[in-house]
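These notes concern the structure reproduced below.
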Amino acid sequence: MVSAEPLLEVSDLAVTLHTPQGPLRAAEGVSFAVAAAEAVGLVGESGSGKSVAMRAILGLLPRGSTVSGSVRFAGRELVGVAERQLAPIRGREISMIFQDPMTALNPIRRIGGQIGEVLRIQLGWNRRRASAHARELLARVEIAEPDRVLRQFPHQLSGGMRQRVLIAMALACQPRLILCDEPTTALDVTTQDQILALLRRASDESGAAMIFVSHDLAVVRQLCSRVLVMYAGRLVEMGPIGPVFADPRHAYTAALLRSLPAIDGPRQPPVSIGGELPDRFRPPSGCRFRTRCTVADDSCASLPSTLLPVDGERGSACIHAATGLPDRGAESGVSR
Amino acid sequence: MQRLGYLGRRLGYVLITLWGVSLLLFVMLQLLPGGPAEAMLGITATQQQVDALNQELGLDRPVVAQYVDYMGRLIRGDLGDSLVFGRPVVDVIGDALPATLKLAVYVVALSTLSTVTLATLAASFRGRAIDHVIRALPLIGVGMPGFWIGAMLLFLFALTFPFFPAGGIEEGFAGALRSLFLPALTLAISVSAILIRSLRRGLIDVLESDHVLTARAKGLRGVRLVVRHVLPNAAIPTVTLMGLVFVSLLGGALIVESVFAIPGVGQLLVNGFKRHDMPLVMGIALLSAAAILLVNLLIDVVYSLLDPRVSLR
């Protein structure tokens, strides 16, 4: 899909979580690549396995999880590797920004120490140098009084400020890849916009690649050049943002787009996706979306779970990809 | 400034509470059958002898007058003279205090060490065999009374296998370390039993929290992760338990000092009671109450230092 040697190559990634109800296959058959400096969106409903897939890249899954498949980052395999070998990569080459800034910082340690820490352990800097750079990083994420904030504790900052601090932390070692796991979901709308603008600018300036996980298609469209769509633990469609949004080739993507209120096209009431996510412990055979799909037929029950190429750059797991998907595309006018 | 005001107010409460304790003690000691004169003179004493001694000690006066007299001296910091030792209570307690303090420091060191180590092990390997073993240990600690643990340790490691002296307290740091090991261990077992459970729970909660995930995403792992981001956070709820633990420690010291023949305050109190030495008993009880109240105040201060979200008001 990506012509040059990709920065990150995920192949056939599968994650099984350990839950009180038994093992849960949270993601499977996930394969995609991210090129250097590329911004890729990963969308899907809650529980579709997006966050789990991201955390699997860095080996940050909950206890008792098992991972199979392969994650190659800059020529190195990250799956099945000891914590000792992953730790030097975390925060330094691949950093991660989490969903809830209210709980993602240690409540009893000062901001300065928490930012400086990543520089100290990953780059071996001393306290003074790390603290000076932490101040600089806070200024870069547009925090007005960096000196004051350095000495403050998380509970003294707003959610937006805390997310800025976490972004500063993620940028600290100039990583080559930043995994953003719904970084704006827990924030109010105005703050969301500021944080998105900041993230876009930060990734442009640093030249870092980014995977932006979100359930918000509009946000992904603003920020990313390519999109991956996940449903019930599987990738169902991927491709460049424009074509995917204009002409979705998977019934789920199409349904997802129909569920968005059209801002810039002719007015059309959003259509919600009927039904709910399948039982994760007993997913339907074949295409997992077929239980909610309006175009599903008998052949969908025996579908291979892999993405099939569509139009060169794109891929879709829908066997109706080439034919009649209920169309939002051209008429409803998703711009791009 | 706010902190100073808080401390002042808390110290005021401490004084009021101590006054309440002294009044309660005074009344309770009055209600005890027998009296110091009988205890001092023995069963062969005649009523005249008892009356004469009571008069000499001022114990024939009305209770209220005795109380006013006692309080008057207490306010000036005078706990009176011990009836048994014939010396000021303050001096008598002062002589016994070092042994008890050494024991207390030893217990704190042993129980902190074992609590942190075992709770961290259990939490890190939660659900595994080692966790189950560590979780079972406190049950033994809680289930067996201190005097029995003490007697068993004494029997095993001082009498059967004489690694440690059977009682008393030896000279010097090394001597104290050796001779106080068994009594300190006895108390540490019951103290750790409470603390391990609390700290393990706290550690597991913190290990599963979001900010530990952030720390791991920064590249922290192993001991460094636990020491910097897990233990300090997990210790907060356990610190609040310490007040309770301190009280049980005081009670335990009474028994352990007797079992191991340590000439400390606990033994002094037991002897004071046996011989109706009211000023001594009152003195020790008041000091213990003061210690408990001050330790609780200290714990609240430590709590506020550990957790910046808590402010002293």
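The values are calculated or read from the model by the stated rules, or taken from the named source; none is laboratory data. All values reported here derive from a predicted model rather than from experimental measurement. Virtual Cβ from ideal backbone geometry, glycine too; neighbours counted across all protein chains shown. Protein only, heavy atoms only, side chains kept; ligands, DNA and RNA dropped before computing areas. Shrake-Rupley method; radii C 1.70, N 1.55, O 1.52, S 1.80 Å.
Below is a table of values for the structure above.
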quantity: Helices (runs of 4 or more DSSP H) (entirely within the range A:112-173) containing at least 1 residues that are within 11 Å of chain B (Cβ to nearest Cβ) and either open to solvent by less than 50 Å² (accessible area, probe 1.4 Å) or at positive phi (or both); calculated: A:159-171
quantity: Selected residue (criterion: nearest to the chain's Cα centre (by Cα)) from residues of the range B:62-117 that are assigned to a helix (DSSP H, G or I) and polar (S, T, N, Q); calculated: B:100
quantity: Meets criteria (in contact with a strand residue (DSSP E or B) (Cβ under 9 Å, 6 or more places away or on another chain), open to solvent by less than 10 Å² (accessible area, probe 1.4 Å) and small (Gly, Ala, Ser)) for residue A:33; calculated: no
quantity: Hits in the range A:73-102 - residues which are more than 8 Å from chain B (Cβ to nearest Cβ), in a loop (DSSP other than H, G, I, E, B), modelled with pLDDT of 90 or more and closer than 16 Å to residue A:53 by Cβ; calculated: A:78, A:79
quantity: Close pairs (6 angstrom Cβ cut-off, 6 or more residues apart or separate chains): more than 20 Å from residue A:261 (Cα to Cα) and at pLDDT 90 or above in the range A:218-238, among the acidic types (Asp, Glu) and open to solvent by 10 Å² or more (accessible area, probe 1.4 Å) anywhere; calculated: none
quantity: Residue within the range B:27-45 that is part of a helix (DSSP H, G or I), surrounded by fewer than 16 Cβ atoms within 10 Å (Cβ to Cβ) and within 23 Å of the chain's Cα centre (by Cα) present; calculated: yes
quantity: Residues satisfying the stated conditions in the range B:216-231, i.e. crowded, with 24+ Cβ neighbours inside 10 Å and more than 8 Å from chain A (Cβ to nearest Cβ); calculated: B:230
quantity: Count of residues meeting criterion [under 30 Å from residue A:61 (Cβ atoms) and crowded, with 23+ Cβ neighbours inside 10 Å] in the range B:165-215; calculated: 6
quantity: Members of the range A:174-191 found to be over 26 Å from residue A:7 (Cα atoms) and either in contact (Cβ under 8 Å) with a residue 40 or more places away in the chain or outside any loop (DSSP other than H, G, I, E, B) (or both), listed by number; calculated: A:185, A:186, A:187, A:189, A:190, A:191
quantity: Boolean, residue B:246 is surrounded by fewer than 24 Cβ atoms within 10 Å (Cβ to Cβ), among the aromatic types (Phe, Trp, Tyr) and either more than 9 Å from every other protein chain (Cβ to nearest Cβ) or closer than 26 Å to residue B:40 by Cα (or both); calculated: yes
quantity: Out of B:128, B:135, sole residue that is in contact (Cβ under 8 Å) with a residue 40 or more places away in the chain, basic (Lys, Arg) and open to solvent by 70 Å² or more (accessible area, probe 1.4 Å); calculated: B:135
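Every residue, every condition in (1) open to solvent by 10 Å² or more (accessible area, probe 1.4 Å); (2) over 21 Å from residue A:96 (Cβ atoms); (3) modelled with pLDDT under 85; (4) within 14 Å of another protein chain (Cβ to nearest Cβ), yes or no:
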{"residue": "A:191", "(1), (2), (3), (4)": "yes, no, no, no"}
{"residue": "A:196", "(1), (2), (3), (4)": "no, no, no, no"}
{"residue": "A:199", "(1), (2), (3), (4)": "no, no, no, no"}
{"residue": "A:252", "(1), (2), (3), (4)": "no, yes, no, no"}
{"residue": "A:260", "(1), (2), (3), (4)": "yes, yes, yes, no"}
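This table checks each residue for (1) more than 14 Å from chain A (Cβ to nearest Cβ); (2) buried (at least 20 other Cβ atoms within 10 Å of the Cβ); (3) within 30 Å of residue B:206 (Cα to Cα).
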position: B:257; (1), (2), (3): yes, yes, no
position: B:266; (1), (2), (3): yes, yes, no
position: B:287; (1), (2), (3): yes, no, no
position: B:303; (1), (2), (3): no, no, yes
position: B:307; (1), (2), (3): no, no, yes
position: B:310; (1), (2), (3): no, no, yes
